[in-house]
Amino acid sequence: MIKIEFNSLKILPIDFWSFYSTEKDYILPIKFSISQCIGDTVCEYIFQEINEVKDDTFLAIDMNNISAYPNRMFSKINCNSCNVFFYNVNDEKLKMRMEEDLPDLIWPNDSTAVFSTDKWEEIERMIISECNASRKYMQAEIIKKNMLRNDGYIYFLESSRLYSNCYLSIKSLFREVEEFYFVIFSLAQMIASFKEGFDAFVTSSKNGAIIAAVLGDVLNIKEIHILGIGPKYSMELGDSVDNIKPGKRYIYVFDFMCTGSELKIVSTLLNTKKGILKGAIGISRYKEDQLGIPWGINVLVEEKELGIDYYIAGSEEDIRILEAGRNNE
């Protein structure tokens, strides 16, 4: 299972573990809920991690979005290590159950529990710094490892007819099932944070269509795939446009947004059908531009957070000039 590690600190994202382990052996589709219940399998994983903690390492158990666990299951935990702590215990009923099952727990604040306060100052610092940034860090690491190509080549971006010094593709992420579902889970959490509802996803690329299809299954939301509308293609859209209904609200889904040209075309298309584009959601993008969408363009990781210098230009020579200018700085 995915663990987020910073030197001597290991963080367990329990809500993702519960989501990913809900349907054992993938017999049934995995479904997302903002509130997760810890199952027996995840409890065993937690016990194992606690038992393996060393004196020179810390274990942070992130209970964000966890609302329940099997009756008396946590009473089986046998720990007195000052290096193990729970944080983001935000559900009051969950906290009450933990207090009953683990009466030796100490609560330095309303949402954090430790077995000893000997290292509380160090733990508090970790929560503020590493723990609070851990999800974003993990998302960026997954993207850089599985999606980003930054190997000195110049790439032609077919959909926009531009060139780039980097290329971000979700295709290689499909081979890493657990990490792929961590990305899907993170996107689902972002969607669940929207205060208003919407009626369907809409996409304009093959990769966006795959993400929307998985998200649609996980969230039980309809998706409409309008393929072939980028600058390279003609506007022969077929019957998919007929699925856009007047007054319905849509979220545009993408993997990586470069110039936003396809989103602008989709927005115009929705307007002609009297549909409403409420927002856009994806993995990353080249630049921050909301394009006048009510809920904005939301991504897991901004391009600048990946620690790369990303260039786009109209020709290969322009890319070389941009790179030469960076190298001479």
Only one of 90, 78, 132 is assigned to a loop (DSSP other than H, G, I, E, B) and free of Cβ contacts under 8 Å to residues at least 24 places away in the same chain; which? 78
Where residues in segment 239-291 are within 20 Å of residue 222 (Cβ to Cβ) and small (Gly, Ala, Ser), which of them is surrounded by the most Cβ atoms within 10 Å (Cβ to Cβ)? 280
With (1) over 21 Å from residue 215 (Cα atoms); (2) modelled with pLDDT under 95 as the list, and residue 60 as the residue in question, which single condition is left unmet? (2)
Scan segment 85-98 residue by residue and report those that are surrounded by 15 or more Cβ atoms within 10 Å (Cβ to Cβ) and not β-branched (Val, Ile, Thr). 85, 86, 87, 88, 91, 94, 95, 97, 98
The residue that is modelled with the highest pLDDT, considering only those in segment 156-199 that are hydroxyl-bearing (Ser, Thr, Tyr) and out of contact with any helix residue (DSSP H, G or I) (no Cβ under 9 Å at 6 or more places or on another chain), is 193
Might you check whether a residue that is assigned by TED's automatic domain parsing to the domain that holds residue 122, of a type in the set (Gly, Ala, Ser) and surrounded by fewer than 16 Cβ atoms within 10 Å (Cβ to Cβ) occurs anywhere in segment 53-65? no
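Considering 288, 317, which residue is free of Cβ contacts under 8 Å to residues at least 12 places away in the same chain and either outside any strand (DSSP E or B) or among the acidic types (Asp, Glu) (or both)?
Values: 288 fails: free of Cβ contacts under 8 Å to residues at least 12 places away in the same chain.
Checking each option against the conditions leaves just 317.
The values are calculated or read from the model by the stated rules, or taken from the named source; none is laboratory data. For clarity, every value in this text was computed on a predicted model and none was experimentally measured. When we count neighbours, we look across all protein chains shown, and the Cβ atoms used for this are built from the backbone with ideal geometry, even at glycine.
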